[in-house]
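S.K.: Pasting a structure here, questions to come.
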Amino acid sequence: METPIIKSFEQIPAALQWIVDEVKYLREFITTIPNTSQPAPPPANEYITRKEAAAMLHLSLNTLDTYSQEGKLKAYRIGNRILYKAGEINEALRLMKPSKITA
């Protein structure tokens, strides 16, 4: 249906109904679009970079390095690169205790 052009007050209800129908259509269409805002996590046995590991944990690279030096996370040196296993990062996330927020 084409966009209605209102030329009289009598056409307003039909125009409003057209708007309601269009909103319903758009709502249905939007719900069919896949949510791609979050990338799929890498396979558990895949090595990821420091930047990727820090992003998964929501940490800075310095904090990630500190956690690695303290043994909280296991890092793998391959040549000049330091890598992490995605599965171990996911496990670290699972084991983290939620912080208690006090108001």
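The values are calculated or read from the model by the stated rules, or taken from the named source; none is laboratory data. This structure is a prediction, so every number in the text was calculated from the model and none was measured. We place every Cβ from the backbone using ideal geometry, glycine too, and count neighbours over all the protein chains shown. Note: accessible area is taken over every heavy atom of the protein model, side chains too, but ligands, DNA and RNA are not part of it. Shrake-Rupley method; radii C 1.70, N 1.55, O 1.52, S 1.80 Å.
S.K.: With a 1.4 Å probe and all protein chains left in place, how much accessible area per residue does the chain have, in Å²?
M.R.: Working: 8820 Å² over 103 residues.
Normalised by residue count, the accessible surface of the chain is 86 Å².
S.K.: Treat every Asp and Glu Cβ in the chain as -1 and every Lys and Arg Cβ as +1, leave all other atoms uncharged, and give the resulting dipole magnitude about the Cα centre to the nearest 20 debye.
M.R.: Working: 13 positive and 11 negative charges, 153 e Å.
So the dipole magnitude of the chain works out to roughly 740 debye.
S.K.: In nm², what is the average projected area of the convex hull enclosing the Cα atoms of the chain? Display every interim value, and only then the final one.
M.R.: Values: hull surface 54.7 nm².
Averaged projected hull area, Cα only: 13.7 nm².
S.K.: Compute, for ASP21, the solvent-accessible surface of its heavy atoms (probe 1.4 Å) with the complete set of protein chains present, and express it in square angstrom to the nearest 10.
M.R.: 80
S.K.: Given a 1.4 Å probe and heavy atoms of the protein chains only, how would you sort ILE5, ILE78, largest accessible area at the top? Before the final figure, lay out each step's value.
M.R.: Working: ILE5 130, ILE78 85 Å².
Per-residue accessible area, sorted high to low, gives ILE5, ILE78.
S.K.: Taking a probe of 1.4 angstrom, what is the accessible area of ILE82 in Å², to the nearest 10?
M.R.: 60
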